[in-house]
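The values are calculated or read from the model by the stated rules, or taken from the named source; none is laboratory data. None of the values given here were measured: they were computed from a predicted structure. Here the Cβ positions follow ideal geometry from the backbone for every residue, glycine too, while neighbour counts run over all protein chains shown.
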Amino acid sequence: METLERLQPNRQVTTFILTVFLSQANPAPIRYSVLEETESGSFIAHLTKDLGLGIGELNARSARVVCDDDKQRLLLDRQTGDLLLREKLDREDICGSVEPCVLHFQVFLETPVQFFEGELLIQDINDHSPVFPNREMLLKIPENSQPGTVFPLKLAQDLDVGSNGLQKYTINANSHFHVLTRNHSDGKKYPDLVQDKVLDREEQSEFSLTLMALDGGSPPRSGTSMVRILILDVNDNAPEFVHTPYEVQVLENSPLDSLIVAVLARDVDAGNFGTVSYSLFQASEEIKQTFSINEVTGEIRLTKKLDFEQIKSYHVETEATDGGGLSGKGTVVIEVVDVNDNAPELTISSLISSIPENAPETVVSIFRIRDRDSGDNGKMICSIPDNLPFILRPTFKNFYTLVTDSPLDRESQAEYNITITVTDMGTPRLKTEHNITVMVSDVNDNAPAFTQTS
């Protein structure tokens with residue numbers, strides 16, 4: 001076999017420096033849309049036509065579809081070239097409150113390797129009603145409260161978005177209060193109860209009002225909660241937090257029951273009216289599961305393991321209430337600090353286990369690497385041993401191909417065991433190894449030879 005002089009390629013390839021592309025990627029993604037809850041098996045698009053491919057080319061080139069979230073939500077019929085839904089899509093389950101809700105996917109073909117990016121817009125339908133966290137709210141108002149005073153109420157949650165989401169609040173007609181819908185910077189809508197006239201506990205000590213939340217669907221959906229208002233004797237000073245917001249950083253591997261922060265509110269009133277108790281205010285289920293607050297000391301402690309890859313920060317609203325029912329609000333901003341707790345992942349998409357000897361450059365495997373950490377903890381180096389006739393090449397995003405570096409000779413070596421190592425740049429460094437076995441199949445490239453001539 002003829003030996004060619006050449007420079008040895010660098011066998012370590014970092015994921016953030018892409019210099020050589022084996023395949024061509026379509027620069028503009030193909031875009032489609034579908035209503036959530038559409039039946040599985042429904043038609044989305046004819047990929048053969050949209051990608052400008054020939055009839056039967058998807059099948060001949062072993063085309064497949066891969067979603068970014070690693071869940072096989074889409075199905076490609078290679079025979080017809082149709083892209084179909086493998087399952088019903090629930091927009092709220094996939095994207096939560098994020099709008100627009102886009103499912104990113106890739107279509108890749110072999111021989112030669114080629115990639116296309118795709119985006120599927122999942123459109124919302126009005127399939128959820130607004131829901132209050134409690135069927136009844138208790139509000140305590142001092143009798144010397146003045147007209148125009150605003151009392152924040154607990155908001156309703158609507159999993160739908162856009163015009164199908166929560167739009168406004170109403171309250172039943174009465175002479176003392178009305179409700180306003182307040183738009184917050186976080187995109188949520190909050191109900192504010194506004195006092196319209198002077199209160200007199202001796203004249204009326206309690207009110208029961210029905211608060212209704214309405215969405216913008218057609219027809220609109222609604223949810224209700226009873227607002228029970230108790231009129232209190234005079235307590236003219238509400239608690240005030242010493243600091244707001246509190247800002248703290250917590251390592252994601254902090255043990256349970258770790259002290260996050262101790263909040264403090266003061267009330268200048270004396271006696272029972274000056275005694276303060278603490279609680280979480282309008283806390284979501286996630287916050288209630290993750291943190292607890294001591295009603296006496298104001299200490300906030302960890303009750304559930306943190307995961308930076310899932311939630312990077314929390315906004316915890318706190319409430320300090322005195323013995324007379326007056327309250328003050330505070331905010332604690334908790335930033336979760338990433339630690340290197342996720343090893344790189346390697347997923348094989350295509351693998352050839354046998355290669356004919358003397359074959360030209362051959363794609364042995366196509367695989368993807370990923371690290372769920374961030375920053376240096378999520379940067380990766382992908383490598384194989386130097387003493388093998390194979391090289392790694394980056395292709396598309398975090399996809400790599402393992403290819404032969406030179407023709408193989410079965411008579412010299414009939415089998416190769418290749419270890420692919422993916423190491424992150426965190427401290428300490430974590431790595432993943434994957435072994436591939438490649439057999440070299442024989443071809444008739446040697447003539448018979450006598451071992452001895454007479």
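Pairing each residue of region 322-338 that is in the same structural domain as Q249 (by TED's automatic domain parsing) and of a type in the set (S, T, N, Q) with any residue that is crowded, with 22+ Cβ neighbours inside 10 Å and in a loop (DSSP other than H, G, I, E, B), provided the two are 6+ apart or on different chains, yields C-beta distances under 9 Å for S327/P239. Count, please, the residues in region 33-92 that happen to be of a type outside the set (D, E) and part of a loop (DSSP other than H, G, I, E, B). Residues that pass the stated criteria total 23. Filtered by the rule that a residue be β-branched (V, I, T) and in contact with a Ser or Thr (Cβ under 8 Å, 6 or more places away or on another chain), region 312-338 gives V316, T318, T321, T331, V332, V333, I334, V336. Close Cβ contacts (under 6 Å, 6 or more residues apart or on different chains) running from residues in region 390-408 that are assigned by TED's automatic domain parsing to the domain that holds D70 and under 16 Å from L109 (Cα atoms) to residues that are part of a strand (DSSP E or B) and of a type in the set (F, W, Y) are absent. Looking across region 302-313, just one residue is farther than 16 Å from L259 by Cβ, surrounded by fewer than 20 Cβ atoms within 10 Å (Cβ to Cβ) and of a type in the set (A, V, I, L, M, F, W, C), and that is I311. Scanning region 217-243 for residues that are in contact (Cβ under 8 Å) with a residue 40 or more places away in the chain and of a type in the set (V, I, T) gives T224, V227, I229, I231, V234. For region 412-434, the set of residues classified as assigned to a strand (DSSP E or B) and within 30 Å of D338 (Cβ to Cβ) consists of T419, I420, T421, V422, T423, D424, K431, T432, E433, H434, listed by residue number. Of the residues examined, V316 is not one that is surrounded by 15 or more Cβ atoms within 10 Å (Cβ to Cβ), β-branched (V, I, T), in contact with a helix residue (DSSP H, G or I) (Cβ under 8 Å, 6 or more places away or on another chain) and assigned to a loop (DSSP other than H, G, I, E, B).
A count restricted to region 120-155 and to residues that are more than 20 Å from E203 (Cα to Cα), surrounded by fewer than 18 Cβ atoms within 10 Å (Cβ to Cβ) and of a type in the set (A, V, I, L, M) stands at 4. Here are I122, I141: which of them is under 28 Å from E92 (Cα atoms) and touching a residue at least 60 places away in the same chain (Cβ under 8 Å)? It is I122. From the list D373, D341, the lone residue that is of a type outside the set (S, T, Y), assigned to a loop (DSSP other than H, G, I, E, B) and buried (at least 17 other Cβ atoms within 10 Å of the Cβ) is D373. Can you spot a residue in region 104-119 that is closer than 30 Å to K188 by Cβ, touching a residue at least 12 places away in the same chain (Cβ under 8 Å) and part of a loop (DSSP other than H, G, I, E, B)? The answer is no, given that none of the residues of region 104-119 is closer than 30 Å to K188 by Cβ, touching a residue at least 12 places away in the same chain (Cβ under 8 Å) and part of a loop (DSSP other than H, G, I, E, B).
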